[in-house]
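For reference, the structure is listed below as structure tokens.
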Amino acid sequence: MTNTPILEVKDLQKYFGTHHVLRGMDLSVSAGETICLLGSSGSGKSTFLRCLNFMEMPSAGTITLDGNVVGMPSGQRDGSSTFTYRERDLIKVRSRIGMVFQQFNLFPHMTVLENVMEGLVIVRKLSRAEAENIARRNLEQVDMWDKAHQYPSRLSGGQQQRVAIARSLAMEPDVMLFDEVTSSLDPELVGEVLRSIQSLAKSGMTMIVVTHELGFAYHVADRVLFLHQGKILEQGTPQEVLKTPKESRTQEFLAGFN
Ligand code: ADP
Ligand code: MG
């Protein structure tokens, strides 16, 4: 981990109509850092991740990726979209920030290998041989190369989710976002997916992981954030936030897991 901020968010705001969901998010992410984002349902975790790669348009704020400002505020924070950006910047950001969701969304009519190659061939315009090389490397990373020629329906949920991770990694993003990727899995399949994410963290990937797996957050995160009503209420080392939280909201949230 270095101290170079690869991603910087300043005063990010998001409204849905008059509903003020993100109320000034500030975050600086160092290259190689693993951040776990915790918070109750409805606190804005998914909206925050979706704003980072512009699946949702932020209402205001500044997002800087690797020193390039990709969006900045202009005008009023009255619910109208005041976020300005250049379209070509957004396309670049989307390709540099990978995201994996609770639902794996693999293409059912394609094999594991074809799923991972698809973006490389269609979006990156690589040859099939180049795409296969990259796909292989990323399937090996999540320990799924041996299933390369299977169809998703033949795989467990945990295996499908690992393929979804490989597919996102294959696009060689600078930052990976994980949104409760183990929440829809049977309990016995959660561990294998978390181990894949942990090995990715060890390999130096920069990641923001939304999770309710506190053990994972404790052992893998460099920093833990607690989000409450659209703001980061508390942050620190896993030890600080998970073992000795200062804020009563954080304490109540953590008490719910016991
Ligand atoms: P979390 O992921 O922490 O559970 P979300 O980011 O999904 O929280 O949601 C935060 C708030 O924003 C919730 O009140 C939710 O109802 C609202 N919200 C999320 N997405 C939309 C949307 N597309 N339109 C309107 N409201 C939304
Ligand atoms: Mg969510």
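Quick look at the values:
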read-out: Packing rank of 15-24, 114-123, where each peptide gets the mean count of other beta carbons within 10 Å, highest leading; value: 114-123, 15-24
read-out: Dipole magnitude of the range 89-143, debye to nearest 20 (Cβ charges: Lys/Arg +1, Asp/Glu -1, about Cα centre); value: 260
read-out: Subset of Lys92/Lys202; Lys10/Lys92; Lys45/Lys246; Lys10/Lys243; Lys45/Lys125; Lys14/Lys125 violating a 24 Å alpha-carbon distance limit; value: Lys92/Lys202; Lys10/Lys243; Lys45/Lys125; Lys14/Lys125
read-out: The range 108-258, relative contact order [Cα under 8 Å, separation at least 6], %; value: 17
read-out: Within straight-line cross-link reach of Lys147, lysines at Cα separation under 21 Å, skipping those fewer than 8 residues along the same chain; value: none
read-out: Shape category assigned to the chain from the gyration tensor of Cα positions, a/c cut at 1.5; value: oblate
read-out: Gyration tensor (alpha-carbon) shape descriptor, the range 135-202, a/c threshold 1.5; value: oblate
read-out: By accessible area with a 1.4 Å probe, ligands and nucleic acids excluded, highest first: order of Arg96, Arg137; value: Arg137, Arg96
read-out: For the range 225-234, Karplus couplings with θ = phi - 60° (6.51, -1.76, 1.60), whole Hz, Gly/Pro x; value: 10, 10, 9, 9, 6, x, 9, 6, 7, 8
read-out: Environment charge at Tyr85 (Cβ cut-off 12 Å; Lys +1, Arg +1, Asp -1, Glu -1); value: +2
read-out: Residues Thr18 and Asp89, FRET efficiency given R0 of 30 Å [Cβ-Cβ distance, rounded to 0.05]; value: 0.60
read-out: Whole-angstrom gap from the range 151-214 to the range 1-45, using each part's C-alpha centre; value: 20
read-out: Percent of beta bridges antiparallel (DSSP, the chain, rounded to nearest 5); value: 60
read-out: Anisotropy class of the range 213-258 from Cα gyration tensor, a/c 1.5 cut; value: oblate
read-out: Highest-MSF residue in the chain out of Lys246, Lys45, Lys231 [GNM, Cα springs under 10 Å]; value: Lys246
read-out: Mean ellipticity per residue at 222 nm, deg cm²/dmol - from DSSP H runs of n ≥ 4 across the chain, formula -39500 (n - 2.57); value: -10500 deg cm²/dmol
read-out: Surrounding net charge for Arg137, when Lys and Arg each add one and Asp and Glu each subtract one, Cβ distance under 12 Å; value: -3
read-out: For the chain, with +1 on Lys and Arg beta carbons and -1 on Asp and Glu, the positive-most of Val69, Thr237, Leu189 along the dipole; value: Val69
read-out: Cβ-Cβ FRET estimate between Lys10 and Lys125, R0 fixed at 45 Å, reported to 0.05; value: 0.85
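The values are calculated or read from the model by the stated rules, or taken from the named source; none is laboratory data. Because the structure is a prediction, the values reported are computed rather than measured. All Cβ positions, even for glycine, are placed from backbone atoms using ideal geometry, and neighbour counts span all protein chains on display. Just the protein is used for accessible areas: all its heavy atoms, side chains included, with ligands, DNA and RNA removed. Shrake-Rupley method; radii C 1.70, N 1.55, O 1.52, S 1.80 Å.
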